[in-house]
Amino acid sequence: MTTIIDAAPDDDELGVPAARRRSAELERQIHERPGRFRVLTGDRPTGRLHLGHYFGTLHNRVRLQNLGVDVMVLVADYQVLTDRDVADRLAEHVEDLVLDYLAVGIDPDRATIFTHSAVPALNQLLLPFLSLVSVAELGRNPTVKDEIAHSRQSAVSGLMFTYPVHQAADILFCKAGLVPVGQDQLPHLEVARTVARRFNSRYGPVFPEPEALLSAAPLLLGTDGGKMSKSRGNAIALAATADETARMIRGAKTDADRHITYDPVARPEVSSLVLLAALCLGRDPHEVAGEIGGRGAAALKAVVTDAVNDHFAPIRARRAELARDRAHIRQVLRDGNEWANAIADDTLKEVREAMKALY
Ligand code: TRP
């Protein structure tokens, strides 16, 4: 029997440069044989997704799906309870999330969209998994520490403290080999890898060790220059109208220098606006900034507004059309949940076999 060693995570494994190099190699393999890979990603249903989500992850999921990768998309409806006491308007938020997914091009005929709460066997994996990590390890997780600091809970719940292990179950139940993540989620992936390793060495080989696929997308700031976030009111929703978009961009923070340049370190707010336009236009941000030059922030904002509204017009139109057919959205979830349950039931059976707990 293995003992749980309470060691600090290997720096090299957590190191961002190493993860980047590995991700480049994985990308090469994906292009060679996309059908070999299963990817698991997900979001908490806390409201509509925004442009940061789109350029950060959604776009990438659609790209992977279109390459032929098996993409599983989790609506993490239990995880919502990590940073709030009650899951307000949950059903509405779940449907909004599914609408956003479908609008950007996640195709339920090729990808699987499912919810935590409808897949009991996934959640049952949490119990043996929790036995494989120490309380000290959980307490050291930097992402959890940060989230606890920003939590809207009156007290830190056990679910908040243990959610990286729940997330390990999300990833391992379907034996996903790849998890597209931003840098801040690397510690969570490390938990999933640790759980897989420890389970395998204690009970026998069941789980592959998932790997991070670091997204190359540059970081978009919110319109106030802070981290873009639904709850901070500084994010442009994917589903925003053209007018709402214009209003938010008009109110965005800039700086005193009239000459527009792209310099994310020295001029984060202006550069984030330039970047947003460049991403929508599929162009180089330095070029976009150069063309605006001395015409100032107002001209920059006009360019950004047009770029966003043009790029998202078809997505927004599709979303509005899909929103008229709620029965279809619910059917997409029912189908996704059915498939996720079939996978989870198989994995749980293997786990119970390995643990000699099949009676
Ligand atoms: N933590 C993710 C978020 O906050 C959602 C999520 C839940 C997830 N389980 C996951 C992401 C597993 C990747 C893998 O949006």
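Side notes on the structure shown:
- For the stretch 168-206, a residue qualifies if it is free of Cβ contacts under 8 Å to residues at least 60 places away in the same chain and in contact with a Phe, Trp or Tyr (Cβ under 7 Å, 6 or more places away or on another chain), and the qualifying residues are ALA168, ALA169, ALA196, ASN200.
- Qualifying residue in the stretch 335-343 (condition: touching a Cys at 6+ places or on another chain (Cβ under 6 Å) and either modelled with pLDDT under 95 or of a type in the set (Val, Ile, Thr) (or both)): yes
- All helices (runs of 4 or more DSSP H) inside the stretch 61-132 with 3 or more residues being of a type outside the set (A, V, I, L, M): 90-104, 120-124
- A single entry from VAL133, VAL62, VAL80, VAL104 fulfils the requirement of being in contact (Cβ under 8 Å) with a residue 24 or more places away in the chain and within 15 Å of the ligand (Cβ to nearest atom): VAL80.
- Sub-9 Å Cβ pairs linking a first residue in the stretch 345-357 that is among the hydroxyl-bearing types (Ser, Thr, Tyr) to a second residue that is buried (at least 17 other Cβ atoms within 10 Å of the Cβ) and part of a helix (DSSP H, G or I), at least 6 apart or interchain, are THR347/ALA121; THR347/LEU122; THR347/LEU172, ordered by first then second residue.
- Looking only at the stretch 169-184, and only at residues there that are touching a strand residue (DSSP E or B) at 6+ places or on another chain (Cβ under 8 Å) and modelled with pLDDT under 95, the one that is farthest from the ligand (Cβ to nearest atom): GLN183
- ARG197 meets the conditions (1) touching a Ser or Thr at 6+ places or on another chain (Cβ under 7 Å); (2) more than 16 Å from the ligand (Cβ to nearest atom) in every case but one. The failed one is (1).
The values are calculated or read from the model by the stated rules, or taken from the named source; none is laboratory data. What you see is a predicted model; the values in this text were computed from it and never measured. Glycine gets a Cβ as well: all are built from the backbone with ideal geometry, and neighbour counts include every protein chain shown.
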